[in-house]
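What follows is a short report on a single structure.
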Amino acid sequence: MATYYTKSHEWVRIDGDIATVGITRHAADELGELVFVEAKDAGVELKQGDAAAVVESVKAASDIYAPVSGSIAGFNSRLTDEPTLVSNDSEGEGWIFKLKIDDSEALSAELSGLMDQDSYAAQIG
Amino acid sequence: MTDPSTDAPLKQTPLHALHLALGVRMVPFAGYEMPLQYKAGLMAEHLHTRRKAGLFDVSHMGQLKITARSGSNADAATALETLIPADVLSLGAGRQRYGLLTNEDGGICDDLMFANMGDWFYVVVNAACKDADADRIEAAIGNRVTVERCFDRALLALQGPAAEAVLAPICPDAAAMRFMDVRETRIMDTPVIISRSGYTGEDGFEISVAAKDAEHVADALLANENVLPVGLGARDSLRLEAGLCLYGSDLDTTTSPVEASLMWSIQKARKPGGSRAGGYPGAGEVEAQLAQGTQRVRVGLQATGRAPVRGGAPLFADPNGATQVGVVTSGAFGPSVDHPVAMGYVAPAHAGTGMPLYAELRGRFVPVTVAALPFTPARFKR
(Lines give C-alpha, C1' and ligand atoms only; values in the text may rest on other atoms or scores of the structure.)
Protein backbone atom coordinates (compact mmCIF):
# COMPACT_ATOMS: atom_id res chain seq x y z
CA MET A 1 0.00 0.00 0.00
CA ALA A 2 1.48 3.31 -1.06
CA THR A 3 1.39 6.26 1.28
CA TYR A 4 0.74 9.73 -0.14
CA TYR A 5 1.54 13.08 1.48
CA THR A 6 -0.06 16.53 1.31
CA LYS A 7 1.51 19.98 1.43
CA SER A 8 -0.47 20.53 4.64
CA HIS A 9 1.36 17.57 6.26
CA GLU A 10 -1.29 14.85 6.22
CA TRP A 11 -0.52 11.31 5.07
CA VAL A 12 -3.09 9.03 3.44
CA ARG A 13 -2.97 5.30 2.78
CA ILE A 14 -5.49 3.68 0.42
CA ASP A 15 -6.80 0.15 0.96
CA GLY A 16 -9.60 -0.65 -1.47
CA ASP A 17 -12.24 2.02 -0.95
CA ILE A 18 -10.97 3.04 2.48
CA ALA A 19 -8.42 5.82 3.02
CA THR A 20 -6.64 6.03 6.38
CA VAL A 21 -5.43 9.52 7.32
CA GLY A 22 -3.02 10.95 9.87
CA ILE A 23 -0.45 13.70 10.24
CA THR A 24 3.21 13.33 9.39
CA ARG A 25 6.07 12.88 11.83
CA HIS A 26 7.21 16.38 10.84
CA ALA A 27 3.80 17.89 11.64
CA ALA A 28 3.60 15.99 14.93
CA ASP A 29 7.03 17.29 15.95
CA GLU A 30 6.02 20.85 15.07
CA LEU A 31 2.79 20.66 17.09
CA GLY A 32 4.32 19.18 20.21
CA GLU A 33 2.33 17.06 22.67
CA LEU A 34 -1.31 16.86 21.72
CA VAL A 35 -4.04 17.12 24.34
CA PHE A 36 -7.15 16.60 22.23
CA VAL A 37 -8.07 15.15 18.84
CA GLU A 38 -11.49 14.97 17.19
CA ALA A 39 -12.78 14.24 13.70
CA LYS A 40 -16.04 15.17 12.00
CA ASP A 41 -18.90 12.78 12.65
CA ALA A 42 -19.16 9.50 10.75
CA GLY A 43 -20.95 9.91 7.45
CA VAL A 44 -19.97 13.53 6.90
CA GLU A 45 -19.05 13.95 3.23
CA LEU A 46 -15.87 15.85 2.51
CA LYS A 47 -14.17 17.17 -0.61
CA GLN A 48 -10.39 17.01 -0.94
CA GLY A 49 -9.00 19.88 1.15
CA ASP A 50 -12.02 20.22 3.47
CA ALA A 51 -11.35 20.43 7.22
CA ALA A 52 -11.90 16.90 8.54
CA ALA A 53 -10.42 16.84 12.05
CA VAL A 54 -8.84 19.05 14.70
CA VAL A 55 -5.76 18.40 16.77
CA GLU A 56 -5.09 20.56 19.83
CA SER A 57 -1.74 21.06 21.49
CA VAL A 58 -1.41 22.82 24.85
CA LYS A 59 -1.11 26.08 22.98
CA ALA A 60 -3.22 25.94 19.83
CA ALA A 61 -5.76 24.13 17.67
CA SER A 62 -4.87 23.00 14.13
CA ASP A 63 -7.17 21.76 11.37
CA ILE A 64 -6.47 18.49 9.58
CA TYR A 65 -7.70 18.39 5.99
CA ALA A 66 -9.11 15.55 3.92
CA PRO A 67 -6.29 14.49 1.55
CA VAL A 68 -8.88 12.97 -0.80
CA SER A 69 -12.66 13.23 -1.16
CA GLY A 70 -14.85 10.79 0.73
CA SER A 71 -17.13 10.40 3.72
CA ILE A 72 -15.93 9.92 7.29
CA ALA A 73 -15.94 6.19 7.96
CA GLY A 74 -14.31 6.07 11.37
CA PHE A 75 -12.26 7.84 14.03
CA ASN A 76 -9.34 6.35 15.95
CA SER A 77 -11.18 6.14 19.27
CA ARG A 78 -7.94 5.39 21.16
CA LEU A 79 -7.07 9.08 20.64
CA THR A 80 -9.93 10.14 22.92
CA ASP A 81 -8.04 8.95 25.99
CA GLU A 82 -4.56 8.91 24.48
CA PRO A 83 -4.10 11.88 22.11
CA THR A 84 -0.32 11.59 22.52
CA LEU A 85 -0.46 8.48 20.30
CA VAL A 86 -0.40 10.95 17.41
CA SER A 87 2.81 12.47 18.71
CA ASN A 88 4.43 9.14 19.50
CA ASP A 89 3.46 7.08 16.44
CA SER A 90 2.08 9.60 13.97
CA GLU A 91 2.20 7.37 10.89
CA GLY A 92 1.14 4.15 12.62
CA GLU A 93 -1.04 3.69 15.74
CA GLY A 94 -1.65 7.44 15.76
CA TRP A 95 -3.78 7.49 12.61
CA ILE A 96 -6.70 9.90 13.02
CA PHE A 97 -9.66 9.03 10.77
CA LYS A 98 -10.77 6.86 7.84
CA LEU A 99 -12.60 8.00 4.74
CA LYS A 100 -14.84 5.87 2.54
CA ILE A 101 -14.09 6.67 -1.07
CA ASP A 102 -17.16 6.91 -3.25
CA ASP A 103 -15.60 7.81 -6.59
CA SER A 104 -12.53 5.78 -7.54
CA GLU A 105 -11.95 7.72 -10.78
CA ALA A 106 -11.82 11.03 -8.97
CA LEU A 107 -9.50 9.39 -6.45
CA SER A 108 -6.83 8.68 -9.08
CA ALA A 109 -6.83 12.31 -10.15
CA GLU A 110 -6.66 13.49 -6.53
CA LEU A 111 -3.80 11.15 -5.66
CA SER A 112 -1.80 12.32 -8.67
CA GLY A 113 -1.71 15.77 -7.07
CA LEU A 114 -0.21 14.45 -3.80
CA MET A 115 3.42 13.64 -3.00
CA ASP A 116 5.22 10.38 -2.44
CA GLN A 117 7.52 9.93 0.53
CA ASP A 118 10.62 11.22 -1.28
CA SER A 119 8.91 14.35 -2.63
CA TYR A 120 7.47 15.08 0.80
CA ALA A 121 10.85 14.61 2.46
CA ALA A 122 12.29 17.06 -0.08
CA GLN A 123 9.52 19.60 0.69
CA ILE A 124 10.13 19.66 4.42
CA GLY A 125 13.88 19.72 3.81
CA MET B 1 13.37 37.06 12.56
CA THR B 2 10.99 39.95 11.79
CA ASP B 3 7.75 41.09 13.35
CA PRO B 4 4.93 39.58 11.24
CA SER B 5 2.70 42.63 11.75
CA THR B 6 5.25 45.34 10.94
CA ASP B 7 8.11 43.51 9.16
CA ALA B 8 10.46 45.33 11.55
CA PRO B 9 13.42 43.33 12.83
CA LEU B 10 12.68 41.75 16.19
CA LYS B 11 14.73 42.67 19.24
CA GLN B 12 16.68 39.97 21.00
CA THR B 13 17.17 39.56 24.74
CA PRO B 14 20.64 39.37 26.33
CA LEU B 15 20.14 35.58 26.55
CA HIS B 16 19.54 35.06 22.84
CA ALA B 17 22.73 33.10 22.20
CA LEU B 18 22.04 30.90 25.22
CA HIS B 19 18.54 30.06 23.94
CA LEU B 20 19.95 28.99 20.59
CA ALA B 21 22.61 26.90 22.28
CA LEU B 22 19.96 25.19 24.43
CA GLY B 23 17.83 24.33 21.38
CA VAL B 24 14.71 26.48 21.19
CA ARG B 25 11.70 27.32 19.08
CA MET B 26 11.47 31.11 18.86
CA VAL B 27 8.33 33.18 18.28
CA PRO B 28 7.70 36.90 17.82
CA PHE B 29 6.24 38.39 20.99
CA ALA B 30 5.81 42.11 21.79
CA GLY B 31 8.54 43.09 19.33
CA TYR B 32 11.00 40.51 20.65
CA GLU B 33 12.20 37.15 19.42
CA MET B 34 11.28 35.02 22.45
CA PRO B 35 11.57 31.33 23.36
CA LEU B 36 8.23 29.53 22.91
CA GLN B 37 9.64 26.22 24.09
CA TYR B 38 12.88 24.30 24.40
CA LYS B 39 13.65 20.67 23.63
CA ALA B 40 11.56 19.27 26.51
CA GLY B 41 8.36 20.78 25.09
CA LEU B 42 5.51 22.76 26.65
CA MET B 43 3.99 19.96 28.67
CA ALA B 44 7.27 18.77 30.23
CA GLU B 45 8.40 22.34 30.90
CA HIS B 46 5.12 23.14 32.64
CA LEU B 47 5.15 20.02 34.81
CA HIS B 48 8.84 20.41 35.67
CA THR B 49 8.20 23.95 36.91
CA ARG B 50 5.52 22.69 39.30
CA ARG B 51 7.66 19.76 40.49
CA LYS B 52 11.14 21.32 40.64
CA ALA B 53 12.15 24.59 39.00
CA GLY B 54 11.94 26.34 35.64
CA LEU B 55 14.09 29.22 34.39
CA PHE B 56 12.32 31.78 32.20
CA ASP B 57 13.83 34.64 30.21
CA VAL B 58 11.40 37.54 30.64
CA SER B 59 13.87 40.25 29.65
CA HIS B 60 11.30 41.67 27.22
CA MET B 61 9.39 43.08 30.19
CA GLY B 62 9.95 46.73 31.04
CA GLN B 63 11.95 47.61 34.14
CA LEU B 64 11.64 51.17 35.46
CA LYS B 65 13.55 53.00 38.17
CA ILE B 66 11.40 55.75 39.59
CA THR B 67 13.08 58.25 41.91
CA ALA B 68 11.60 61.25 43.72
CA ARG B 69 13.11 64.56 42.61
CA SER B 70 12.84 65.72 46.23
CA GLY B 71 14.99 62.80 47.43
CA SER B 72 12.16 61.55 49.66
CA ASN B 73 10.81 58.16 48.58
CA ALA B 74 7.45 58.99 50.18
CA ASP B 75 7.07 61.76 47.60
CA ALA B 76 7.56 59.18 44.83
CA ALA B 77 4.96 56.95 46.50
CA THR B 78 2.47 59.80 46.76
CA ALA B 79 3.05 60.70 43.11
CA LEU B 80 2.62 57.07 41.99
CA GLU B 81 -0.67 56.89 43.87
CA THR B 82 -2.08 59.45 41.41
CA LEU B 83 -1.64 56.81 38.67
CA ILE B 84 -1.89 53.46 40.48
CA PRO B 85 -4.99 52.65 42.55
CA ALA B 86 -3.00 50.81 45.22
CA ASP B 87 -1.61 51.70 48.61
CA VAL B 88 1.92 52.65 47.53
CA LEU B 89 2.66 54.89 50.49
CA SER B 90 2.43 52.26 53.21
CA LEU B 91 4.49 49.69 51.31
CA GLY B 92 7.61 49.13 53.39
CA ALA B 93 11.15 49.18 52.05
CA GLY B 94 12.09 45.80 50.60
CA ARG B 95 8.48 44.91 49.76
CA GLN B 96 6.69 44.46 46.46
CA ARG B 97 3.03 44.77 45.46
CA TYR B 98 0.83 44.15 42.40
CA GLY B 99 -0.84 47.20 40.88
CA LEU B 100 -2.64 48.65 37.89
CA LEU B 101 -2.33 51.72 35.74
CA THR B 102 -5.83 53.02 35.02
CA ASN B 103 -7.19 55.47 32.45
CA GLU B 104 -9.76 58.24 32.86
CA ASP B 105 -12.60 55.77 32.19
CA GLY B 106 -11.39 53.40 34.88
CA GLY B 107 -10.02 50.98 32.26
CA ILE B 108 -6.73 49.18 32.78
CA CYS B 109 -3.74 50.52 30.76
CA ASP B 110 -1.40 47.90 32.19
CA ASP B 111 -0.80 45.73 35.22
CA LEU B 112 2.52 45.87 36.98
CA MET B 113 4.65 44.99 40.00
CA PHE B 114 6.09 47.82 42.08
CA ALA B 115 8.64 47.59 44.86
CA ASN B 116 9.93 50.02 47.47
CA MET B 117 13.73 49.89 47.18
CA GLY B 118 14.29 52.34 50.08
CA ASP B 119 15.18 55.41 48.06
CA TRP B 120 13.49 54.56 44.74
CA PHE B 121 10.70 52.44 43.30
CA TYR B 122 11.42 49.43 41.09
CA VAL B 123 8.55 48.88 38.66
CA VAL B 124 8.12 45.98 36.20
CA VAL B 125 5.59 46.46 33.40
CA ASN B 126 4.45 44.43 30.41
CA ALA B 127 6.66 44.34 27.32
CA ALA B 128 4.03 45.57 24.87
CA CYS B 129 3.16 48.55 27.12
CA LYS B 130 6.56 49.59 28.43
CA ASP B 131 7.17 52.70 26.32
CA ALA B 132 3.59 53.89 26.70
CA ASP B 133 3.69 53.27 30.46
CA ALA B 134 6.95 55.17 30.92
CA ASP B 135 5.61 58.03 28.77
CA ARG B 136 2.39 58.07 30.78
CA ILE B 137 4.22 58.21 34.11
CA GLU B 138 6.60 60.93 32.90
CA ALA B 139 3.79 63.03 31.45
CA ALA B 140 1.70 62.81 34.62
CA ILE B 141 4.27 63.05 37.42
CA GLY B 142 7.57 63.86 35.66
CA ASN B 143 7.77 67.07 37.68
CA ARG B 144 7.96 65.01 40.88
CA VAL B 145 9.90 61.90 39.83
CA THR B 146 12.50 60.81 37.30
CA VAL B 147 11.71 57.71 35.25
CA GLU B 148 14.72 55.70 34.16
CA ARG B 149 13.90 53.13 31.47
CA CYS B 150 16.14 50.16 32.27
CA PHE B 151 14.99 48.34 29.13
CA ASP B 152 18.44 46.93 28.41
CA ARG B 153 18.51 44.99 31.69
CA ALA B 154 17.78 41.27 31.69
CA LEU B 155 15.01 39.73 33.81
CA LEU B 156 15.05 36.03 34.67
CA ALA B 157 12.35 34.14 36.55
CA LEU B 158 13.28 31.07 38.57
CA GLN B 159 9.99 29.40 39.52
CA GLY B 160 9.04 26.22 41.32
CA PRO B 161 9.28 24.47 44.68
CA ALA B 162 13.05 23.90 44.24
CA ALA B 163 13.76 27.59 43.49
CA GLU B 164 15.04 28.45 46.97
CA ALA B 165 17.29 25.39 47.15
CA VAL B 166 18.71 26.28 43.73
CA LEU B 167 19.31 29.96 44.41
CA ALA B 168 20.41 30.03 48.05
CA PRO B 169 23.86 28.40 47.54
CA ILE B 170 24.85 31.18 45.11
CA CYS B 171 22.79 33.94 46.76
CA PRO B 172 22.64 33.46 50.55
CA ASP B 173 20.17 36.37 51.02
CA ALA B 174 17.52 34.50 49.03
CA ALA B 175 16.62 31.95 51.69
CA ALA B 176 15.40 34.47 54.27
CA MET B 177 13.15 36.27 51.81
CA ARG B 178 9.41 35.76 51.95
CA PHE B 179 6.74 36.14 49.25
CA MET B 180 6.88 39.69 47.79
CA ASP B 181 10.20 40.60 49.45
CA VAL B 182 12.72 42.44 47.27
CA ARG B 183 16.48 42.80 47.80
CA GLU B 184 19.46 44.32 46.06
CA THR B 185 22.04 41.61 46.53
CA ARG B 186 24.53 39.47 44.61
CA ILE B 187 24.39 36.12 42.86
CA MET B 188 27.98 34.90 43.15
CA ASP B 189 29.83 38.17 42.41
CA THR B 190 27.11 39.69 40.24
CA PRO B 191 24.90 42.57 41.48
CA VAL B 192 21.20 41.72 41.08
CA ILE B 193 17.76 42.80 42.26
CA ILE B 194 15.72 39.78 43.30
CA SER B 195 12.08 39.60 44.27
CA ARG B 196 10.37 36.54 45.71
CA SER B 197 7.49 36.54 43.26
CA GLY B 198 6.55 35.41 39.79
CA TYR B 199 3.81 34.47 37.37
CA THR B 200 3.27 30.75 37.88
CA GLY B 201 1.55 30.38 41.26
CA GLU B 202 4.68 28.68 42.56
CA ASP B 203 7.29 29.89 45.01
CA GLY B 204 10.15 31.49 43.13
CA PHE B 205 12.23 34.53 42.32
CA GLU B 206 12.54 37.13 39.62
CA ILE B 207 16.12 38.22 39.04
CA SER B 208 17.01 41.55 37.45
CA VAL B 209 20.58 41.68 36.19
CA ALA B 210 22.69 43.84 33.85
CA ALA B 211 22.65 42.54 30.26
CA LYS B 212 26.36 41.75 30.29
CA ASP B 213 25.98 39.50 33.36
CA ALA B 214 22.76 37.76 32.34
CA GLU B 215 24.27 34.69 30.72
CA HIS B 216 26.68 34.19 33.64
CA VAL B 217 23.74 34.07 36.07
CA ALA B 218 21.55 31.94 33.79
CA ASP B 219 24.38 29.45 33.27
CA ALA B 220 24.88 29.12 37.03
CA LEU B 221 21.16 28.42 37.57
CA LEU B 222 20.90 25.98 34.65
CA ALA B 223 23.92 24.10 35.99
CA ASN B 224 21.63 22.82 38.75
CA GLU B 225 20.05 19.53 37.67
CA ASN B 226 16.69 20.61 39.11
CA VAL B 227 16.41 23.55 36.69
CA LEU B 228 15.01 23.29 33.18
CA PRO B 229 14.73 26.23 30.75
CA VAL B 230 11.05 27.04 30.18
CA GLY B 231 9.52 29.06 27.35
CA LEU B 232 6.55 31.40 26.99
CA GLY B 233 4.26 28.50 26.03
CA ALA B 234 4.46 26.88 29.45
CA ARG B 235 4.54 30.31 31.10
CA ASP B 236 1.06 30.88 29.66
CA SER B 237 -0.42 27.56 30.84
CA LEU B 238 1.23 28.01 34.27
CA ARG B 239 -0.20 31.49 34.80
CA LEU B 240 -3.60 30.39 33.55
CA GLU B 241 -3.76 27.50 36.03
CA ALA B 242 -2.67 30.02 38.69
CA GLY B 243 -5.61 32.26 37.73
CA LEU B 244 -3.33 35.17 36.81
CA CYS B 245 -4.37 37.67 34.14
CA LEU B 246 -2.51 38.22 30.89
CA TYR B 247 -2.62 41.86 29.87
CA GLY B 248 -3.95 42.19 26.32
CA SER B 249 -6.06 39.03 26.69
CA ASP B 250 -7.81 39.14 30.07
CA LEU B 251 -7.26 42.83 30.76
CA ASP B 252 -7.29 45.86 28.49
CA THR B 253 -8.30 49.51 28.42
CA THR B 254 -11.99 48.54 28.33
CA THR B 255 -11.90 46.35 31.45
CA SER B 256 -12.05 47.96 34.88
CA PRO B 257 -10.54 46.64 38.12
CA VAL B 258 -14.08 45.84 39.31
CA GLU B 259 -14.96 43.85 36.20
CA ALA B 260 -11.57 42.12 36.24
CA SER B 261 -12.08 40.94 39.85
CA LEU B 262 -8.90 42.79 40.82
CA MET B 263 -10.32 44.93 43.64
CA TRP B 264 -7.92 43.09 45.98
CA SER B 265 -5.17 45.16 44.33
CA ILE B 266 -6.83 48.35 45.59
CA GLN B 267 -6.10 48.34 49.31
CA LYS B 268 -8.43 49.73 51.97
CA ALA B 269 -6.76 53.16 52.10
CA ARG B 270 -7.58 53.76 48.42
CA LYS B 271 -11.15 52.42 48.47
CA PRO B 272 -14.20 54.57 49.25
CA GLY B 273 -14.00 55.56 52.93
CA GLY B 274 -10.24 54.98 53.04
CA SER B 275 -7.78 57.63 54.17
CA ARG B 276 -6.55 58.26 50.60
CA ALA B 277 -9.61 57.06 48.66
CA GLY B 278 -9.70 57.72 44.94
CA GLY B 279 -7.26 60.19 43.42
CA TYR B 280 -6.28 57.94 40.52
CA PRO B 281 -7.44 58.10 36.87
CA GLY B 282 -11.00 56.84 36.53
CA ALA B 283 -11.58 56.64 40.29
CA GLY B 284 -15.11 58.02 39.91
CA GLU B 285 -16.04 55.32 37.41
CA VAL B 286 -14.47 52.54 39.49
CA GLU B 287 -16.28 53.73 42.62
CA ALA B 288 -19.58 53.95 40.75
CA GLN B 289 -19.11 50.38 39.53
CA LEU B 290 -18.34 49.26 43.07
CA ALA B 291 -21.57 50.82 44.29
CA GLN B 292 -23.83 49.86 41.38
CA GLY B 293 -22.28 46.68 40.02
CA THR B 294 -21.05 45.94 36.50
CA GLN B 295 -22.41 44.28 33.38
CA ARG B 296 -19.70 41.60 33.41
CA VAL B 297 -17.13 40.06 35.69
CA ARG B 298 -14.02 37.94 35.18
CA VAL B 299 -14.35 34.29 36.19
CA GLY B 300 -12.51 31.00 35.85
CA LEU B 301 -13.97 28.42 33.48
CA GLN B 302 -13.47 24.69 33.52
CA ALA B 303 -14.45 22.63 30.48
CA THR B 304 -16.31 19.43 31.23
CA GLY B 305 -14.84 17.64 28.21
CA ARG B 306 -11.27 17.37 27.00
CA ALA B 307 -11.43 19.94 24.19
CA PRO B 308 -9.57 23.12 25.15
CA VAL B 309 -11.72 26.25 25.01
CA ARG B 310 -9.64 29.12 23.64
CA GLY B 311 -9.76 32.91 23.94
CA GLY B 312 -12.46 34.50 21.79
CA ALA B 313 -15.03 31.72 22.20
CA PRO B 314 -18.49 33.14 22.97
CA LEU B 315 -20.21 31.85 26.11
CA PHE B 316 -23.89 31.02 26.26
CA ALA B 317 -26.39 30.30 29.04
CA ASP B 318 -28.08 27.55 27.02
CA PRO B 319 -26.79 24.59 24.97
CA ASN B 320 -28.33 25.93 21.75
CA GLY B 321 -26.42 29.20 21.65
CA ALA B 322 -29.51 31.39 21.96
CA THR B 323 -28.41 33.71 24.77
CA GLN B 324 -24.81 34.94 24.83
CA VAL B 325 -23.75 35.84 28.36
CA GLY B 326 -19.99 36.29 27.95
CA VAL B 327 -16.75 35.52 26.17
CA VAL B 328 -13.62 33.50 26.89
CA THR B 329 -10.51 35.71 27.09
CA SER B 330 -7.85 33.04 27.45
CA GLY B 331 -7.83 29.28 27.54
CA ALA B 332 -5.48 26.34 27.24
CA PHE B 333 -5.04 22.78 28.37
CA GLY B 334 -3.77 22.76 31.96
CA PRO B 335 -1.07 20.08 32.20
CA SER B 336 -1.04 20.01 36.03
CA VAL B 337 -4.79 19.84 36.48
CA ASP B 338 -5.05 17.58 33.40
CA HIS B 339 -8.08 19.31 31.95
CA PRO B 340 -8.77 22.42 29.91
CA VAL B 341 -8.68 25.70 31.85
CA ALA B 342 -9.87 29.13 30.79
CA MET B 343 -11.01 32.48 32.04
CA GLY B 344 -13.42 34.96 30.62
CA TYR B 345 -16.02 37.62 31.32
CA VAL B 346 -19.65 36.78 32.00
CA ALA B 347 -22.76 38.61 33.13
CA PRO B 348 -22.91 38.67 36.97
CA ALA B 349 -26.07 36.53 37.03
CA HIS B 350 -24.02 33.70 35.49
CA ALA B 351 -20.78 34.28 37.41
CA GLY B 352 -21.41 32.09 40.45
CA THR B 353 -19.03 29.19 40.98
CA GLY B 354 -20.54 26.03 39.56
CA MET B 355 -22.82 27.83 37.07
CA PRO B 356 -23.15 25.81 33.86
CA LEU B 357 -22.36 27.64 30.61
CA TYR B 358 -21.74 26.61 27.01
CA ALA B 359 -18.76 27.72 24.92
CA GLU B 360 -19.06 27.81 21.15
CA LEU B 361 -16.36 25.60 19.71
CA ARG B 362 -16.24 24.87 16.00
CA GLY B 363 -19.96 25.38 15.58
CA ARG B 364 -20.92 23.30 18.61
CA PHE B 365 -21.71 24.24 22.19
CA VAL B 366 -19.53 22.48 24.74
CA PRO B 367 -20.36 22.57 28.44
CA VAL B 368 -18.14 24.58 30.78
CA THR B 369 -18.54 25.39 34.45
CA VAL B 370 -17.70 28.61 36.25
CA ALA B 371 -14.79 27.65 38.51
CA ALA B 372 -13.03 29.24 41.46
CA LEU B 373 -9.56 30.62 40.68
CA PRO B 374 -6.81 29.53 40.92
CA PHE B 375 -7.11 26.08 39.37
CA THR B 376 -3.91 25.03 41.14
CA PRO B 377 -3.33 26.14 44.74
CA ALA B 378 -0.74 28.91 45.12
CA ARG B 379 2.39 27.70 46.89
CA PHE B 380 4.06 30.92 47.94
CA LYS B 381 6.46 31.18 50.88
CA ARG B 382 4.42 33.49 53.07
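The values are calculated or read from the model by the stated rules, or taken from the named source; none is laboratory data. These figures come from a predicted structure and were not determined experimentally. Every residue, glycine as well, gets a Cβ built from its backbone with ideal geometry; the counts of neighbours run over all protein chains shown. The area values use the complete protein model at the heavy-atom level, side chains included, leaving out ligands, DNA and RNA. Shrake-Rupley method; radii C 1.70, N 1.55, O 1.52, S 1.80 Å.
Just check the range B:295-382 against the gyration tensor rule for me: Cα atoms, a ≥ b ≥ c as the square roots of the eigenvalues, rounded for a/c under 1.5, and otherwise prolate or oblate depending on whether a/b exceeds b/c.
On the way: a/c = 2.22, a/b = 1.44, b/c = 1.54.
Oblate.
Rank B:Ala359, B:Pro319, B:Phe375 by how far each Cα sits towards the positive end of the charge dipole of the range B:254-382 (+1 on Lys, Arg Cβ; -1 on Asp, Glu Cβ) and give me just the farthest.
Farthest towards the positive pole: B:Phe375.
Name the lysines eligible as straight-distance cross-link partners of B:Lys271: C-alpha to C-alpha under 29 Å, and not fewer than 8 places from it in the same chain.
Reachable lysines: B:Lys65, B:Lys130, B:Lys381.
Treating only the Cβ of Lys, Arg, Asp and Glu as charged (+1, +1, -1, -1), what charge dipole size does the range B:263-382 show about its Cα centre? Round to the nearest 20 debye. Kindly include the intermediate steps, with their values, before the conclusion.
Details: 13 positive and 5 negative charges, 113 e Å.
Around 540 debye, computed over the range B:263-382.
As an exercise, use a Förster radius of 22 Å and the Cβ-Cβ distance of B:Ala132 and B:Arg69 to find the FRET efficiency, rounded to the nearest 0.05. Could you put the intermediate results ahead of the total?
Values: r = 22 Å, r/R0 = 1.01.
The value I calculate is 0.50.
Please report the spacing between the Cα centers of the range B:22-91 and the range B:233-300 in Å, no decimals.
Using only Cα atoms to place each centre, the spacing works out to 19 Å.
So which residue, out of B:Asn126, B:Asn143, B:Asn226, gets the largest mean-square fluctuation from a GNM of chain B using Cα contacts under 10 Å as springs?
The residue that fluctuates most here is B:Asn143.
Which of A:Ala19, A:Ser57, A:Ser69 sits closest to the plus end of the dipole of the range A:3-119, meaning its Cα is farthest towards the positive end, when Lys and Arg get +1 and Asp and Glu get -1 on the C-beta?
Going by the Cα projections, it comes out as A:Ser57.
Over chain B, with every protein chain in place, what whole percent of the accessible area is carbon and sulfur at 1.4 Å, could you tell me? Don't skip to the answer; put the middle values down first.
Working: 7700 of 14620 Å².
Reported share for carbon and sulfur atoms: 53 percent.
Across the residues of B:228-235, average count of Cβ atoms on other protein chains within 10 Å? Walk me through the numbers before you get to the answer.
Numbers: counts 0, 0, 0, 0, 1, 5, 2, 0.
Average neighbour count from other chains, rounded to a whole number: 1.
How many Cβ atoms of partner chains, on average, are near each residue of A:52-62 if near means within 10 Å of its Cβ?
Numbers: counts 0, 0, 3, 0, 7, 7, 15, 13, 4, 5, 0.
For this peptide, the per-residue mean of nearby foreign Cβ atoms is 5.
Once you mark the GluC sites (Glu not before Pro) that are in a DSSP loop and have at most 16 other Cβ atoms within 10 Å, what is the longest gap between them in chain B? Can you show the working numbers first?
On the way: sites that count: B:Glu104, B:Glu225.
Counting at most 16 other Cβ atoms within 10 Å as exposed, the longest clean stretch of chain B is B:226-382.
State, in square angstrom and to the nearest 100, the accessible area buried between chains A and B, both chains counted, probe radius 1.4 Å.
Working: alone 6630 and 15320 Å², together 20550 Å².
Interface area, both chains combined: 1400 Å², rounded to the nearest 100.
So what's the back-of-envelope 222 nm ellipticity for chain B, counting only DSSP H runs of four-plus at -39500 (n - 2.57) apiece and dividing by all residues, rounded to 500?
Working: 8 runs with 74 residues, N = 382.
Mean residue ellipticity at 222 nm (helix-derived): -5500 deg cm²/dmol.
Given a 1.4 angstrom probe, what's the average accessible area per residue across the protein assembly as shown, in square angstrom?
Values: 20550 Å² over 507 residues.
That works out to 41 Å² per residue.
Dipole of the range A:3-119, Cα-centred, from +1 at each Lys and Arg C-beta and -1 at each Asp and Glu C-beta, to the nearest 20 debye? Could the numbers behind the result be given before it?
Numbers: 9 positive and 23 negative charges, 23 e Å.
Magnitude of the dipole: close to 100 debye.
Around B:Asn224, what is the net charge, scoring Lys/Arg as +1 and Asp/Glu as -1 over all other residues with Cβ under 13 Å from its Cβ? Please list the in-between numbers first.
Values: positive: B:Lys52; negative: B:Glu164, B:Asp219, B:Glu225.
Net local charge, B:Asn224 excluded: -2.
Could you give each residue of the range B:270-280 its phi-based ³J(HN,Hα) in whole Hz, using Karplus coefficients 6.51, -1.76, 1.60 with θ = phi - 60°, and x for Gly or Pro?
Each residue of the range B:270-280 in turn: 9, 8, x, x, x, 5, 10, 4, x, x, 10 Hz.
How far apart, in nanometres, would the label points at B:His339 and B:Asn320 be if each is projected 7 angstrom from Cα along the Cα-to-Cβ direction?
2.7 nm
Over the alpha-carbon set of the range A:6-91, work out the extent along each principal axis and list the three values in angstrom, largest first.
32, 25, 21
Place a +1 charge on the Cβ of each Lys and Arg in the protein assembly as shown and a -1 charge on the Cβ of each Asp and Glu, then give the dipole magnitude about the Cα centre in debye, rounded to the nearest 20. Mind showing how you got there, number by number?
Details: 44 positive and 64 negative charges, 385 e Å.
With only Lys, Arg, Asp and Glu charged at Cβ, the dipole is about 1860 debye.
Pop out the carbon and sulfur fraction of the accessible area of chain A as a percent, whole number, probe 1.4 Å.
Numbers: 2770 of 5930 Å².
In chain A, the share of accessible area belonging to carbon and sulfur is 47 percent.
Residues with amide H under 5 Å of B:Val325's amide H, sequence separation 5 or more or different chain, H placed in the peptide plane at 1.01 Å from N; which?
Placed amide hydrogens put B:Leu315, B:Phe316, B:Ala317 under 5 Å from B:Val325.
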